[in-house]
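To start, the structure itself, in structure tokens.
The values are calculated or read from the model by the stated rules, or taken from the named source; none is laboratory data. It should be emphasised that the depicted structure is a prediction, and the values quoted were computed from it without experimental measurement. Positions of Cβ are generated from backbone atoms using ideal geometry, with glycine treated the same way; all protein chains shown enter the neighbour counts.
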Amino acid sequence: MDLQSYLLLSATLFIIGVVGVIARRNAIIVFMSIELMLNSVNLSLVAFSAFLGDVTGQMLVFFAMTVAAAEAAVGLAIIIALFRNKQTINLEDINILKW
Amino acid sequence: MHQRDMWFKNEPRSVIHSRLIRPSTTSSRLSVTLETLLFYFFGTISVGSALMMVTRRSPVIAALYLILNFFALGGLYLSLHAQFIAFIQILVYAGAIMVLFLFVIMLLNLGDEKKLAEKISYKKIIGAGLSFGVLMELIYVLAFSTASLPPSQFEKATEIGTVENIGMQLFTTFLFPFEVTSILLLSAIVGAVILAKKKLR
């Protein structure tokens, strides 16, 4: 198995996540698509780390996971606050910052 | 070296040669095919579950497919000899983060969305088309850029991903980012508590 295969898989997963963010209007599913994109980047980092014989990629994945955990906690708190105020998490209906 | 010469002293040269060479070649060929098999197995699962996650109407089902996707990625990390990252993937992502997601989904008690096909607008079609274009570009770049890649060091990968090596690097080279991470997590805890509080005073 070579590096390109892993990178192609990672790119595919990333684009699926992008399509999820663009096409879905449910805030939680958009959020899960963002997690999917983070994970696809992690996969390419681990593949680079393994094929280049360098530990830095895996350290970066470790920190990316920490950031993802923090992001999930804050993001879900925002979603709960939104739902409490607007009774919906449909992103079409949340437009107080639009002009 | 001397001992090995002694062991094979009475055998013809070809037998010695085959005995010395064959185990390593068969094991490396076997591991390559196994790795390829694992790659296609977990790759198919991860892409399939990601597609299912994006297209499901119910958020709970989507979250369960995302958990399946995380397990498949954990398997891919294991096949890349990144043991520590693989277990952290299962523990932190599939264990902690997705439980948080499911908890919030069930707390909000959301119903299913309307049918996806009823809500397709030209904006979404353009967006999906553009993403597909980016995917094609990425595939083009990755598939035809073999010359620019450095030589593979895959045989070293088994020593890199161990918990011992990761911990060593974490507390020497990456000590400062590691400590900054604790501040990040603290601020995330404070932020989550403030945001999810009922009334701000």
Of the candidates B:LEU73, B:LEU78, B:LEU37, the one satisfying the condition of being assigned by TED's automatic domain parsing to the domain that holds B:GLY95 and surrounded by 23 or more Cβ atoms within 10 Å (Cβ to Cβ) is B:LEU73
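Which of the residues spanning the range A:36-59 are under 15 Å from the mean Cα position of the chain (by Cα) and more than 7 Å from chain B (Cβ to nearest Cβ)? Show your work before the answer.
Step one: of the range A:36-59, the residues under 15 Å from the mean Cα position of the chain (by Cα) are A:36-45.
Passing the criteria: A:MET37, A:LEU38, A:SER40, A:VAL41, A:ASN42, A:SER44, A:LEU45.
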Taking the condition within 10 Å of chain A (Cβ to nearest Cβ), assigned to a helix (DSSP H, G or I), among the small types (Gly, Ala, Ser) and under 22 Å from A:ALA77 (Cβ atoms), does B:ALA50 pass? no
Please tell me if B:PHE84 is at the interface with chain A (Cβ under 8 Å from one of its Cβ atoms), aromatic (Phe, Trp, Tyr), farther than 18 Å from A:MET37 by Cα and surrounded by fewer than 20 Cβ atoms within 10 Å (Cβ to Cβ).
no
Residue set B:ILE183, B:ILE166; condition within 9 Å of another protein chain (Cβ to nearest Cβ) and hydrophobic (A, V, I, L, M, F, W, C); output residue B:ILE166
Of (1) modelled with pLDDT under 90; (2) more than 27 Å from B:LYS124 (Cβ to Cβ); (3) not aromatic (Phe, Trp, Tyr), B:ARG56 satisfies every one except (2)
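Considering only the range B:187-201, state which residues are in a helix (DSSP H, G or I) and either at the interface with chain A (Cβ under 9 Å from one of its Cβ atoms) or farther than 22 Å from B:PHE101 by Cβ (or both).
The answer is B:SER187, B:ALA188, B:ILE189, B:GLY191, B:ALA192, B:VAL193, B:ILE194, B:LEU195, B:ALA196.
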inquiry  = With the structure loaded, tell me whether A:ALA81 is under 21 Å from the mean Cα position of the chain (by Cα), at the interface with chain B (Cβ under 7 Å from one of its Cβ atoms) and more than 30 Å from B:THR172 (Cβ to Cβ) or whether it fails that test.
reply    = yes
Of those in the range B:144-158 that are within 9 Å of chain A (Cβ to nearest Cβ) and either basic (Lys, Arg) or in a helix (DSSP H, G or I) (or both), the residue farthest from B:ALA82 (Cα to Cα) is B:THR146
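Could we say that B:ILE183 is out of contact with any Ser or Thr (no Cβ under 8 Å at 6 or more places or on another chain), surrounded by 12 or more Cβ atoms within 10 Å (Cβ to Cβ), over 26 Å from A:LEU13 (Cα atoms) and at pLDDT 90 or above here?
It is false that B:ILE183 is out of contact with any Ser or Thr (no Cβ under 8 Å at 6 or more places or on another chain), surrounded by 12 or more Cβ atoms within 10 Å (Cβ to Cβ), over 26 Å from A:LEU13 (Cα atoms) and at pLDDT 90 or above.
Condition test on B:PHE174, is it aromatic (Phe, Trp, Tyr) and either assigned by TED's automatic domain parsing to the domain that holds B:SER79 or surrounded by 15 or more Cβ atoms within 10 Å (Cβ to Cβ) (or both)? Working first, answer last.
Details: aromatic (Phe, Trp, Tyr): yes; either assigned by TED's automatic domain parsing to the domain that holds B:SER79 or surrounded by 15 or more Cβ atoms within 10 Å (Cβ to Cβ) (or both): yes.
It is true that B:PHE174 is aromatic (Phe, Trp, Tyr) and either assigned by TED's automatic domain parsing to the domain that holds B:SER79 or surrounded by 15 or more Cβ atoms within 10 Å (Cβ to Cβ) (or both).
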Here the residues within the range B:53-81 that are more than 10 Å from chain A (Cβ to nearest Cβ) and outside any helix (DSSP H, G or I) are none
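Yes/no per residue for (1) in contact with a helix residue (DSSP H, G or I) (Cβ under 6 Å, 6 or more places away or on another chain); (2) under 23 Å from B:SER58 (Cβ atoms); (3) crowded, with 19+ Cβ neighbours inside 10 Å:
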{"residue": "A:TYR6", "(1), (2), (3)": "yes, no, yes"}
{"residue": "A:ILE29", "(1), (2), (3)": "yes, yes, yes"}
{"residue": "A:SER33", "(1), (2), (3)": "yes, yes, yes"}
{"residue": "A:SER49", "(1), (2), (3)": "yes, no, yes"}
{"residue": "A:LEU52", "(1), (2), (3)": "no, no, yes"}
{"residue": "A:LEU91", "(1), (2), (3)": "yes, yes, no"}
